[in-house]
Ligand SMILES: *Cc1c(COP(=O)(O)O)cnc(C)c1O
């Protein structure tokens, strides 16, 4: 398997080079040169596999023989052994038509663990094999940072520095990041917003001399390894739901921010998984909802919501979808992205809009509606949704067709977002692992938001 850029100006590269490159050198995103096509026979065979076995089969298709199978198996097993549920991503039935796919049983109680436990082990493997140090630099609005740190803490050959906006992440998210005291972890708490943090990271990565001198690597959701890891649970959930009837089609409802998670579903569908429809759920930051409904991709004003991990105006994985929408035509994608840069918006033609609408349905959830959904499901099913999951469930309620099976992806444990859930006077008991965080000392350095200050910290740390 080789990987190419959505903008067509990178020579095809192998799997390990692709994960190390992160963002493609020509500014595009890396995608597999060919999408593996699964026969009905293969799907049938995969039905009885455990999560880790299934992950191994899927990764094997994309890694080729760059990592020997026994070593890949070890990486996969290590990555999912840290999950608290034997099924890794169990599916819970709420009523006849609606299921919840629980993706929050990893170390930091959010779905990002599924990809970042694997990516952490993969980086560690590459560091051992190539005898080189890997320095990870990232910015987080909360979940990614905690998950990335948990994926690499204590690992030899890797150091990680995560920037988060000071005082602007949830208490549990802050504790998850800053109570880690491993020597290879540096938390910088930046006096500014998440956008400031992202801008600093972007500029440091663009400083080629600095980037190369310190071997900087990224962990954001544009890394192709993260997408591949996330396709696995679509298959796994599908098999759990249809068990007896392999021909049945299933709809997935996906709370979306950067278009990463839902793109993984799109890829699973392209591989041959009989997904009926992908429901794209947004919060009030609804650029993607507007795109699916109107064919116009244009950032709006930023809105703070109860689902902060989806408070995103420009979806970093969206370009991967454009690549397939335009028949894998890298020139067309380049032209569209140039136009986006110049004019701040993308408008697609009517025939393309039709294609988009056959791939996705979309619904944007308002703030109060999100909390209403939490209250409703808590009362009706004694099931507590986190605010991100509630967006997915609310969208499923609006758009699902009677008699069809819909699986809503649950991307975080409610304990991570207690501040919002309390607004509806719902009391929850924290899982013991989260409760324990409140008694631990915190390790973080509070810094101003200038590049030079951050650089100074990094130079000392690396
Ligand atoms: C990151 C995140 C999302 C959005 O995922 P994308 O891949 O950015 O679409 C949704 N919910 C939670 C809890 C998250 O952490």
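Descriptive notes on the structure:
- Label-to-label distance, nm, for residues given as residue 381 and residue 205 (7 Å Cα→Cβ offset): 3.6
- Cα→Cβ-extended label distance, 7 Å offset, between residue 242 and residue 44, nm: 1.3
- Pairwise FRET efficiency - residue 92 versus residue 341, Cβ, R0 = 45 Å, nearest 0.05: 0.55
- Among 48, 416, the ranking by other beta carbons within 10 Å of each residue's beta carbon, starting with the fewest, stands as 48, 416.
- Cα centroid separation - the stretch 436-462 against the stretch 12-63, whole Å: 35
- Share of pairwise Cα separations in the stretch 208-247, more than 11 Å, in percent: 72
- Cα Rg, Dmax (largest Cα-Cα span) when computed across the stretch 235-278, Å: 10.6, 34
- With N counted as the residues of the chain, its alpha-carbon radius of gyration over 2.2 N^0.38 Å works out to 0.92.
- When only Cα pairs below 8 angstrom with a gap of at least 6 residues are kept, the chain shows a relative contact order of 19 percent.
- Efficiency of FRET from Cβ geometry, residue 460 and residue 368, R₀ 60 Å, rounded to 0.05: 0.85
- The fewest-to-most ranking of 102, 328 by surrounding Cβ atoms within 10 Å reads 328, 102.
- Computed extension length for residue 328-residue 401: 23.1 nm, one decimal, from 0.36 nm per residue of separation with the Cα-Cα distance subtracted.
- Convex hull per residue volume in Å³, alpha carbons only, for the stretch 331-462: 249
- At R0 = 22 Å, FRET efficiency that the Cβ-Cβ distance of residue 11 and residue 355 yields, to 0.05: 0.15
- Here the scattering of the stretch 86-168 is modelled by Debye summation over its C-alpha atoms, one equal scatterer each and no solvent; at q = 0.13, 0.22 Å⁻¹ the log10 of I(q)/I(0) is -0.51, -0.99.
- Beta-bridge orientation, the chain: approximately 20 percent antiparallel, per DSSP, counting only bridges with both partners inside.
- If the Kirkwood radius is taken over C-alpha pairs of the stretch 277-357, then at 20 °C and 1.002 mPa s the Stokes-Einstein diffusion coefficient equals 160 µm²/s.
- Estimated D of the stretch 1-110 in µm² per second, where Rh is the Kirkwood radius over Cα pairs and Stokes-Einstein applies at 20 °C, 1.002 mPa s: 131
Values quoted throughout were computed directly from the atomic coordinates according to the rules given, and no laboratory measurement underlies them. What you are looking at is a predicted structure, and each value in this text was computed from that prediction instead of being measured. Please note: Cβ atoms are built from the backbone with ideal geometry, for glycine as well, and neighbour counts cover all protein chains shown.
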